[in-house]
Amino acid sequence: MADSVLFLGWNRPTRGREEQAMKLWGKSVEYYSQLQADGRIENFEPVLLTAHGGDLNGFFLIRGETQKLSEIRLEDTFIDLVIEAGYCLDGFGAVSGFTGDGVNDIFARWSKLVAG
């Protein structure tokens, strides 16, 4: 069961690189679909946000086990997709996070500190 996430967010395609950004979308969906089919991630969710005046307009949320997601982040295909995203998407970022039991673990650690 997923205890971690990868959050890959962006603002919008870099001006003049819109076509490359569209191709990157297709490559990314194909890659994450294969990771899911292989059982390496639990699932992924692409999200496009409606206009709101902010600088986060889309993201992928990839759910999986901490160890498997850590391994994926070091693989050539993932690294290449991240490099390309940084080139053709403004405000791109890749962030690790927690979900499910991972959230419970973090809050348990935090509560020990607070209860101190």
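The single condition among (1) farther than 15 Å from GLU71 by Cα; (2) crowded, with 16+ Cβ neighbours inside 10 Å; (3) in contact (Cβ under 8 Å) with a residue 60 or more places away in the chain that ASP3 does not satisfy is (1).
The one condition from (1) part of a helix (DSSP H, G or I); (2) within 14 Å of the chain's Cα centre (by Cα); (3) not acidic (Asp, Glu) that VAL103 does not meet is (2). Which residues, counting only those in the stretch 41-59, are over 19 Å from GLY100 (Cα atoms), of a type in the set (Phe, Trp, Tyr) and without any contact (Cβ under 8 Å) to a residue 24 or more places away in the chain? Matches in the stretch 41-59: none.
Residues of the stretch 44-74 that are hydroxyl-bearing (Ser, Thr, Tyr) and part of a loop (DSSP other than H, G, I, E, B): THR50 alone. Among all positions in the stretch 83-96, there is at least one residue which is exposed (fewer than 12 other Cβ atoms within 10 Å of the Cβ), assigned to a helix (DSSP H, G or I), of a type outside the set (S, T, N, Q) and modelled with pLDDT of 95 or more. Exactly one residue among ILE79, ILE62, ILE72 is without any contact (Cβ under 8 Å) to a residue 12 or more places away in the chain, among the hydrophobic types (A, V, I, L, M, F, W, C) and either surrounded by 14 or more Cβ atoms within 10 Å (Cβ to Cβ) or closer than 20 Å to TRP10 by Cα (or both), and that residue is ILE79. Restricting the first member to the stretch 29-40 and to residues that are more than 17 Å from VAL82 (Cβ to Cβ) and free of Cβ contacts under 8 Å to residues at least 60 places away in the same chain, and the second to residues that are surrounded by 16 or more Cβ atoms within 10 Å (Cβ to Cβ) and not aliphatic (A, V, I, L, M), the beta-carbon pairs closer than 7 Å and six or more apart or on different chains are GLN36/PHE44.
Pairs linking a residue in the stretch 6-25 that is touching a residue at least 40 places away in the same chain (Cβ under 8 Å) and part of a helix (DSSP H, G or I) to a residue that is surrounded by 14 or more Cβ atoms within 10 Å (Cβ to Cβ) and among the β-branched types (Val, Ile, Thr), with Cβ atoms under 9 Å and 6 or more positions apart or on different chains, are GLN20/THR14; ALA21/THR14.
Restricted to the stretch 65-96, and to residues there that are within 11 Å of the chain's Cα centre (by Cα) and not aliphatic (A, V, I, L, M), the residue that is nearest to VAL5 (Cα to Cα) is SER96.
Restricting the stretch 34-50 to residues that are exposed (fewer than 12 other Cβ atoms within 10 Å of the Cβ) and among the charged types (D, E, K, R) leaves a set whose member that is farthest from the chain's Cα centre (by Cα) is ASP38.
The values are calculated or read from the model by the stated rules, or taken from the named source; none is laboratory data. Just so you know, these numbers come straight off a predicted model, no measurement behind them. Here the Cβ is made from the backbone with ideal geometry for all residues, glycine too, and neighbour counts use every protein chain on show.
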